[in-house]
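Taking it in order: structure first as structure tokens, then the write-up.
The values are calculated or read from the model by the stated rules, or taken from the named source; none is laboratory data. Since the model is a prediction, treat every value here as computed from it, not as a measurement. Cβ placement follows ideal geometry from the backbone for every residue including glycine, while neighbour counts extend to all protein chains displayed. Heads up: the accessible areas ignore ligands, DNA and RNA and are worked out on the full protein's heavy atoms, side chains in. Shrake-Rupley method; radii C 1.70, N 1.55, O 1.52, S 1.80 Å.
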Amino acid sequence: MAQGLPLPGGVLLRMARPGDTAEVSRLLAMAGLHLPSYLAEAIDNQDIGSTLMHALESGKDQILTALATAAHRGDPNLAMPGLTALLVAENARHRACGALLALPPAAVMAQATSAGIPVQFALVGTAAIVKINGIAVEESNRSKGIGTALLGTCLQLYFQLDYLLAYGQFRADSGLETYYRRLGFDVLAHGEGISLNERLAMPIGLTPESGERFFLRWR
């Protein structure tokens, strides 16, 4: 992953790096997403996905160490850029043609805190769940397997590090349920949420936004 993964047609799939911010922002905007300023800074500082990369090399304990260090400093969110995967598909002309953004969901930490779950257990939950916030591929590069490769690499990355759940959401009227099911995701009914109690022993759940449906996969 550190060197990038070659795909057919001269496409290279890699983590975002300095110089990518404008192109990544443009691509994510196609999916209706705005790249937060703290992630833009993390790209330039080479901090995007840094904890994930270290964990691949040295073991998953790197993730909990990063979370514990951030919590000790008073702000668990300091660890989020390092746990964020911002994957870029670069074409043969070295231009970004696809992107995927995945990160630990802030909703889990907020709900856990509200439910009175101790911070250390809430942090473990943050190290077990990743939300696929968005994926975008330029129209001229669609139907080439780039989106599938981005999603597959995202799952492989996080599941290799013992994350238990990857999920995202899409507009209920978009017709994307067939696409996600074909890729092996479960697609929930309109309005159906995700319980975290049975598999993660956290008495909280995730609820889709109005007009949205969840797609998910458990490891």
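Quick rundown of the values:
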quantity	calculated
Length gained when the stretch residue 94-residue 187 is fully extended (0.36 nm per residue, less Cα-Cα span)	30.0 nm
Size of charge dipole - the chain - debye, nearest 20, with Cβ of Lys, Arg +1 and Asp, Glu -1, no other charges	420
Rounded accessible area per residue of the chain, 1.4 Å, Å²	49
Residue (of 180, 167, 194) at the positive-pole extreme of the chain, dipole from beta-carbon charges	180
Mean separation of Cα contacts under 8 Å, 6 or more apart, over the residue count of the chain: relative contact order %	17
Residues residue 142 and residue 210, FRET efficiency given R0 of 30 Å [Cβ-Cβ distance, rounded to 0.05]	0.60
Spin-label model distance (nm) - residue 113 vs residue 31, 7 Å beyond Cα toward Cβ	2.6
In order through the range 193-205: 3J(HN,Hα) via Karplus (6.51 cos²θ - 1.76 cosθ + 1.60), integer Hz, x for Gly, Pro	x, 10, 7, 9, 6, 5, 8, 10, 6, 10, x, 9, x
Linear extension gain, residue 199 paired with residue 44, 0.36 nm per residue minus alpha-carbon span	52.1 nm
Debye log10 I(q)/I(0) at q = 0.12, 0.13 Å⁻¹ for the range 58-114, Cα point scatterers	-0.42, -0.48
Accessible area (Å², 1.4 Å probe, nearest 10) - residue 5	60
Segment residue 22-residue 54, extension gain: residue separation times 0.36 nm, minus the distance between their alpha carbons	8.9 nm
222 nm mean residue ellipticity, helices alone, for the chain (DSSP H n ≥ 4; -39,500 (n - 2.57); rounded to 500)	-10500 deg cm²/dmol
Nitroxide proxy distance, nm - points 7 Å out along Cα→Cβ at residue 75 and residue 219	2.8
